[in-house]
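Report on the following structure.
The values are calculated or read from the model by the stated rules, or taken from the named source; none is laboratory data. Remember, it's a predicted structure, so these values are computed and weren't measured experimentally. Because the Cβ atoms are built from the backbone with ideal geometry, glycine has one as well, and the counts that use them run over all protein chains shown. Heavy atoms of the whole protein, side chains included, go into the accessibility calculation; ligands, DNA and RNA do not. Shrake-Rupley method; radii C 1.70, N 1.55, O 1.52, S 1.80 Å.
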Amino acid sequence: MAEIEVIFYIEGIGNDKKVLERALEETAKNLQNEKGVKIKYVNLEEVMETPEEELLKYSGVIEARLEGTLGDIVRLTLRYSPAVVEVLRPGKLEIESKDLMKTLGEISLFMGKLMKQFGGLAVYPRLDDIPDPRIGYSREEIEELIVEDRNILYRFVVEVFGENEEGIKTTMGKALTIEGCKINKLVVQGQMEGDNFKGLLAAELLSPFETLVQLTAKYAPVAISIIEPEIIDITANELQNTLTDLGGFVNELVTRPVKRQLMEKKNTEFKLNP
């Protein structure tokens, strides 16, 4: 499998300079000791102070250049949640669908564990005014979407909960459309448990590579399989955007407790000092 060379920019913020320095030093050391990838360099920048920030006024950045397979780079992106990932090479990557499915499975497992701990990621505005999506495409349309538009055809199964089966199907159809998918098939199966419906939603979708990975990270599907094509080409820009999004998703989840504490503190100060 082709080697990918990237630069991670990992940000750290805090309200205690010494604690932040130690945390960044430990992260840099862990990166340097990573196995299975080539670590070109790890640079730890000096922690800076932003006096106008009342709460998190210290910040620091680690810049790390590394090389590995797509699976390696994704694994480290999930582990270190860089704020930005820059892909240096190759300009275009070709990967077999079976290898991509393995990587997607790892993303789903990792994100699923995080979401059980910190909450979900898939949040949408009100969907009432959004028209029902088209479901079903001809073979000719599917081939054109794959060949001309570089879409991927895949099956996607997620656990669903709601008031009733039809409502879940309608809502998820609109949500998947907002995400940038074209829906070829959409089926919901399950049963009522008390006042709520619980089951599985299976969808056959067409979307670009970036959307496929984003959906996997947001929904942590219980099953995912790529139907076509067998070889998927990914540009450096597409991979760069995808990895940066992944890092952002992880960071959003793991920092929720800190953000919640900061908001509670800010609200308390506001009430005490009107």
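Observations, loosely collected:
- Scanning the range 10-22 for residues that are under 24 Å from residue 245 (Cβ atoms) and out of contact with any Phe, Trp or Tyr (no Cβ under 9 Å at 6 or more places or on another chain) yields one hit, 11.
- Within the range 180-233, being in a strand (DSSP E or B) and among the charged types (D, E, K, R) holds for 182, 185, 193, 198, 204, 228, 233.
- Residue in the range 69-76 that is part of a strand (DSSP E or B) and at pLDDT 95 or above present: no
- Enumeration of residues in the range 1-54 that are at pLDDT below 90, β-branched (Val, Ile, Thr) and under 24 Å from the mean Cα position of the chain (by Cα): 13
- Of the criteria (1) exposed (fewer than 14 other Cβ atoms within 10 Å of the Cβ); (2) within 18 Å of residue 253 (Cα to Cα), which one residue 10 fails: (1)
- Residue in the range 98-112 that is among the aliphatic types (A, V, I, L, M), at pLDDT 95 or above, farther than 18 Å from residue 214 by Cβ and open to solvent by 100 Å² or more (accessible area, probe 1.4 Å) present: no
- Annotation note: of 207, 138, the sole residue that is surrounded by fewer than 17 Cβ atoms within 10 Å (Cβ to Cβ) and of a type in the set (Ser, Thr, Tyr) is 138.
- Summed over the range 1-26, residues that are β-branched (Val, Ile, Thr) and closer than 15 Å to residue 45 by Cβ total 3.
- The range 130-157 - residue that is modelled with pLDDT of 95 or more and among the aliphatic types (A, V, I, L, M) and, of those, farthest from residue 218 (Cα to Cα): 147
- Positions within the range 174-196 being more than 16 Å from residue 132 (Cβ to Cβ) and either polar (S, T, N, Q) or open to solvent by less than 10 Å² (accessible area, probe 1.4 Å) (or both), in sequence order: 189, 191, 196
- Test set (1) among the β-branched types (Val, Ile, Thr); (2) in contact (Cβ under 8 Å) with a residue 40 or more places away in the chain; (3) not in a strand (DSSP E or B) - residue 160 fails condition number: (3)
- A single entry from 155, 126, 150 fulfils the requirement of being open to solvent by 30 Å² or more (accessible area, probe 1.4 Å), touching a residue at least 24 places away in the same chain (Cβ under 8 Å) and assigned to a loop (DSSP other than H, G, I, E, B): 150.
- The criterion of being in contact (Cβ under 8 Å) with a residue 24 or more places away in the chain and assigned to a loop (DSSP other than H, G, I, E, B) does not hold for residue 107.
- For the range 56-103, the set of residues classified as in contact with a Phe, Trp or Tyr (Cβ under 7 Å, 6 or more places away or on another chain) and of a type in the set (Val, Ile, Thr) consists of 61, 84, 85, listed by residue number.
- Verdict on residue 34 being touching a Lys or Arg at 6+ places or on another chain (Cβ under 9 Å), over 20 Å from residue 219 (Cα atoms) and not small (Gly, Ala, Ser): yes
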